[in-house]
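J.: Can you keep this structure in mind? I'll have questions shortly.
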Amino acid sequence: MGYNLQVNIDKSSGFCFGVVYAIEMAEDILDKEGYLYCLGDIVHNDEEVERLTNRGLKIIDHEVLKNLRDEKVLIRAHGEAPSTYQLALENNLTLIDASCPVVLKLQNRIKNSHDEDEQVLIFGKHGHAEVIGLQGQTDGKAIVFQDLAELDNVELPAKFTLYSQTTKSTDKFYHIKDELLSRGYEVKANDTICRQVSNRYEELEDFVSHYDKIVFVSGKKSSNGKVLYDVCKKYNDNSYFISNVEELDQTWFIENDKVGICGATSTPMWLMEKVKAALEKR
């Protein structure tokens with residue numbers, strides 16, 4: 001049945017420059033050598049990972065890395081802890097370092113704070129690749145928390161330095177900072193949220209208000225996907241989260257709906273285009 005949907009893709013959605021850079025580096029080596037090891041998912045998007053593994057990308061974890069010798073290994077945009085670089089030296093591994101410059105700068109700042117004996121707090125997701133790399137700059141001494149309640153049972157010093165994972169919500173970060181200040185702590189707060197991510201909030205707010213329905217395309221593992229989808233939902237109640245074309249549900253749409261498609265900083269444009277094509281067929 002034809003719904004005659006009018007479908008547009010948000011032009012500012014899609015890969016951030018850190019991800020573009022990592023994927024281009026991977027593709028260059030795959031073209032020349034036919035295979036390349038990558039430490040962890042190159043991007044938190046299963047469809048894009050599958051496209052690249054079909055071209056010869058081999059995703060490995062730290063356990064496999066320990067037994068790898070004399071190979072090239074890609075470090076993805078999320079960055080890695082110092083121990084990974086140490087291991088690479090010991091195992092004669094060539095690291096193709098595609099760590100995002102925003103993440104590298106943050107790692108550096110956290111290391112400096114730690115070296116100056118400041119207690120470091122990181123607002124971030126436990127177990128997230130970027131956060132593991134950040135915590136590694138402090139020999140694991142930084143306190144990582146996803147929400148304030150986690151700090152209730154933690155003995156905090158009177159003064160500390162607060163950082164954020166680069167893809168967290170700016171509003172939440174400042175709310176946390178204000179709350180900690182109001183509890184009497186001396187907080188040195190560093191807003192280290194990537195502007196490419198935070199600018200998306202305002203752009204999305206504007207984008208989603210022009211459509212009857214919003215289809216947000218993102219991998220389920222993407223941190224900024226969750227944050228950005230919440231923005232969509234807040235400003236357009238008819239927002240739907242999907243990871244692939246198969247998850248589209250035609251009961252969401254009615255005749256002549258204006259549909260906006262947007263995605264996370266880890267969502268490939270080709271996937272959003274595939275969703276658009278599927279909707280236009282309806």
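J.: Could you tell me the accessible area of ARG282 in Å² (1.4 Å probe, neighbours in place), rounded to the nearest ten?
T.: About 40 Å², rounded to the nearest 10.
J.: Could you state the accessible area per residue of the range 102-193 in Å², with a 1.4 Å probe and every protein chain left in place?
T.: Details: 4520 Å² over 92 residues.
Averaged over the residues of the range 102-193, the accessible area is 49 Å².
J.: With every protein chain kept in place and ligands, DNA and RNA left out, what is the accessible area per residue of the range 17-99? Probe 1.4 Å, answer in Å². Please report the intermediate quantities before stating the final value.
T.: Numbers: 3980 Å² over 83 residues.
Ligands and nucleic acids excluded, the figure is 48 Å² per residue.
J.: Given a 1.4 Å probe and every protein chain left where it sits, what share in percent of the accessible area of the chain is carbon and sulfur?
T.: On the way: 6450 of 13480 Å².
Summing carbon and sulfur atoms, their accessible area is 48 percent of the total for the chain.
J.: Still on this model: Compare the Cα positions of VAL231, TYR201, TYR185 along the charge dipole of the range 177-257 (+1 at Cβ of Lys, Arg; -1 at Cβ of Asp, Glu; about the Cα centre) and return the one farthest towards the positive end.
T.: Checked the options; the winner is TYR185.
J.: Rolling a 1.4 angstrom probe over the protein heavy atoms, how many square angstrom per residue are accessible across the range 209-266?
T.: On the way: 2500 Å² over 58 residues.
Solvent-accessible surface per residue comes out at 43 Å².
J.: Strictly over 26 Å apart at the Cα level, which of LYS226/LYS258; LYS168/LYS233; LYS159/LYS220; LYS141/LYS233; LYS188/LYS234; LYS141/LYS188 would you flag in this model?
T.: Working: LYS226/LYS258 23 Å; LYS168/LYS233 17 Å; LYS159/LYS220 36 Å; LYS141/LYS233 36 Å; LYS188/LYS234 31 Å; LYS141/LYS188 17 Å.
Beyond 26 Å: LYS159/LYS220; LYS141/LYS233; LYS188/LYS234.
J.: Quote the FRET efficiency, to the nearest 0.05, computed for TYR85 versus HIS175 with a Förster distance R0 of 35 Å and r equal to the Cβ-Cβ distance.
T.: Numbers: r = 35 Å, r/R0 = 1.00.
For R0 = 35 Å, the calculated efficiency reads 0.50.
J.: Let me ask you something else. Run the simple label-point estimate for ASP46 and ILE59 please: 7 Å along Cα→C-beta, distance reported in nm.
T.: It works out to 0.9 nm between the two label points.
J.: According to a simple spin-label model (label point 7 Å from Cα along Cα-to-Cβ), what is the distance in nm between ASP139 and HIS210?
T.: So the label points at HIS210 and ASP139 sit 5.4 nm apart.
The values are calculated or read from the model by the stated rules, or taken from the named source; none is laboratory data. As the structure is a prediction and not an experimental result, all values here were calculated from the model. Cβ atoms come from the backbone with ideal geometry, glycine included; neighbour counts cover every protein chain shown. Accessible surface areas use protein heavy atoms only, side chains included; no ligands, DNA or RNA. Shrake-Rupley method; radii C 1.70, N 1.55, O 1.52, S 1.80 Å.
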